[in-house]
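Asks: Before we start, here is the structure in question, set down as structure tokens.
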Amino acid sequence: MTKARKLSFVIPAKNEEGSIEILYQEIISVVKNKKYNYEIVFIDDGSTDKTFENFTKLKKGDPCVKVIKLRGNWGKAVAMQAGFTHATGDLIFTLDADLQDNPKEIPKFIEKIDEGYDLVVGWKKERHDPLSKLISTRLFNGTVKLLTGLKIHDVNCGFKAYKKEVINDLPLYGDLFRLIPVIAQKQNYKVGEVIVEHRKRKHGKSKFGLERSYKGMLDLLTVVFLTGYLKRPGHFFGGLGFLSFFGGFLVGMYITFLRFTTGSIQYRQPLLFLGILLMVIGVQLVTTGLLAELTLHLNQKSSVANKTETIL
């Protein structure tokens, strides 16, 4: 039953010329040994070295290899979406191209999927990263657990296995690929994890930086909001809007009371302006906020077609 599946491997890469051939051979050794049906989808995300040339060499020698070249560097989310679009497998894997993910772990993911999970995430229990990256990773994962309740140790691990239907429901834009397990869980998919080997980088340079850390936190807040209120944005904006409007209304009632009981508002013009401002803000939150979020919802699944230069 398991071997009858077709496995798709979606592998985005930027400037990983030294790793591509090795990664390919490692994947092939696993899938051929287990007699899996497979395809490998490589995506060149604006490489300036020989990454794309190495992809094309692999394509010539193996008809199960697909190569996509993006028109410039669009980021990992776009690269992954392009790969998902052209992946035809029943079970889809994502791996980083830097050789830190070990393909020998592939059967573990399949076993976990067979237990009833829809998405399985790798957990790099023993990491070989600089101290700064370790600290930021653990801080990020701890915050994810706190805000979402997702019991995953390494939510941002690039080594994942997905059922096809999960891929079809993923809104990937910006840097939200880091939070795919959170998005999947909020859509009532069953998310699990397996312990995987984490290898030291041997080729190329890490893309990690401080900018990625704070962007990850902002993306987390975005996902928490969207997964909680995307289908009911009025509950969020309406709640804030009505709270603001009600506060302004109470201020207005107080000013009105003073006017009728004392004949003046007794130098409380600033308070009157505050009440009017709160009511205006309340109306704007209910209307402008709803329109903005509905617009975002309609445009979040942006097409990658106009960013693709070559498909082999």
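The values are calculated or read from the model by the stated rules, or taken from the named source; none is laboratory data. Predicted, not measured: the structure shown is a model, and the values here were computed from it. So basically every Cβ, Gly included, is an ideal-geometry build from the backbone, and we count neighbours across all protein chains shown. These accessible areas exclude ligands, DNA and RNA; they are computed on the full protein's heavy atoms, side chains included. Shrake-Rupley method; radii C 1.70, N 1.55, O 1.52, S 1.80 Å.
Asks: Which residues, counting only those in segment 132-149, are of a type in the set (A, V, I, L, M) and either in contact with a strand residue (DSSP E or B) (Cβ under 7 Å, 6 or more places away or on another chain) or farther than 19 Å from V196 by Cα (or both)?
Replies: Correct list: I135, L139, V144, L146, L147.
Asks: Ok, one more. Looking only at helices (runs of 4 or more DSSP H) that fall completely inside segment 207-312, which ones have 1 or more residues that are modelled with pLDDT under 70 and out of contact with any helix residue (DSSP H, G or I) (no Cβ under 8 Å at 6 or more places or on another chain)?
Replies: By residue number, 210-229, 269-299.
Asks: If you don't mind, another one. Using beta carbons and a limit of 6 Å, which pairs, at least six apart or on different chains, have the first residue in segment 238-249 and of a type in the set (A, V, I, L, M, F, W, C) and the second one part of a helix (DSSP H, G or I) and open to solvent by less than 20 Å² (accessible area, probe 1.4 Å)?
Replies: Filtered contacts from segment 238-249: F245/G282.
Asks: Could you tell me whether segment 122-130 includes any residue that is touching a His at 6+ places or on another chain (Cβ under 8 Å), open to solvent by less than 10 Å² (accessible area, probe 1.4 Å) and either in a strand (DSSP E or B) or among the acidic types (D, E) (or both)?
Replies: no
Asks: List every residue pair whose Cβ atoms sit under 8 Å apart, with the two residues 6 or more apart in sequence or on different chains, where the first one lies in segment 250-272 and is over 22 Å from G282 (Cβ atoms) and the second, anywhere, is part of a helix (DSSP H, G or I) and modelled with pLDDT under 85.
Replies: S264/L258; Q266/L258
Asks: Still on this structure: Pick out the one residue from A82, A87, A77 that is touching a residue at least 24 places away in the same chain (Cβ under 8 Å) and in contact with a helix residue (DSSP H, G or I) (Cβ under 6 Å, 6 or more places away or on another chain).
Replies: So the residue among A82, A87, A77 that is touching a residue at least 24 places away in the same chain (Cβ under 8 Å) and in contact with a helix residue (DSSP H, G or I) (Cβ under 6 Å, 6 or more places away or on another chain) is A77.
For (1) open to solvent by 10 Å² or more (accessible area, probe 1.4 Å); (2) within 25 Å of the chain's Cα centre (by Cα); (3) among the basic types (K, R), each residue gets a yes or a no:
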site: K32; (1), (2), (3): yes, no, yes
site: G46; (1), (2), (3): yes, yes, no
site: R71; (1), (2), (3): yes, yes, yes
site: G75; (1), (2), (3): yes, yes, no
site: A87; (1), (2), (3): no, yes, no
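Asks: Of all residues in segment 190-201, how many are open to solvent by less than 40 Å² (accessible area, probe 1.4 Å) and part of a loop (DSSP other than H, G, I, E, B)?
Replies: Qualifying residue count, segment 190-201: 1.
Asks: Okay, next question. Does V182 fit the bill of being open to solvent by less than 10 Å² (accessible area, probe 1.4 Å) and either modelled with pLDDT under 85 or in a helix (DSSP H, G or I) (or both)?
Replies: Yes: the conditions hold for V182.
Asks: So which of T137, T94, T143, T148 is modelled with pLDDT of 95 or more and open to solvent by less than 80 Å² (accessible area, probe 1.4 Å)?
Replies: T94
Asks: Return yes or no: is E105 surrounded by fewer than 15 Cβ atoms within 10 Å (Cβ to Cβ), in contact (Cβ under 8 Å) with a residue 40 or more places away in the chain and either farther than 18 Å from K6 by Cβ or among the β-branched types (V, I, T) (or both)?
Replies: It is false that E105 is surrounded by fewer than 15 Cβ atoms within 10 Å (Cβ to Cβ), in contact (Cβ under 8 Å) with a residue 40 or more places away in the chain and either farther than 18 Å from K6 by Cβ or among the β-branched types (V, I, T) (or both).
Asks: Here's a follow-up. Any residue at all in segment 58-69 that is more than 17 Å from K6 (Cβ to Cβ), open to solvent by less than 40 Å² (accessible area, probe 1.4 Å) and touching a residue at least 40 places away in the same chain (Cβ under 8 Å)?
Replies: yes
Asks: Another question about this same structure. Just for segment 151-168: of the residues that are open to solvent by 10 Å² or more (accessible area, probe 1.4 Å) and more than 12 Å from the chain's Cα centre (by Cα), which one is farthest from S8 (Cα to Cα)?
Replies: Here the answer is K151.
Asks: While we're on this one: What is the one condition in (1) touching a Gly at 6+ places or on another chain (Cβ under 7 Å); (2) closer than 15 Å to K160 by Cα that I43 does not satisfy?
Replies: Here I43 clears every test but (2).
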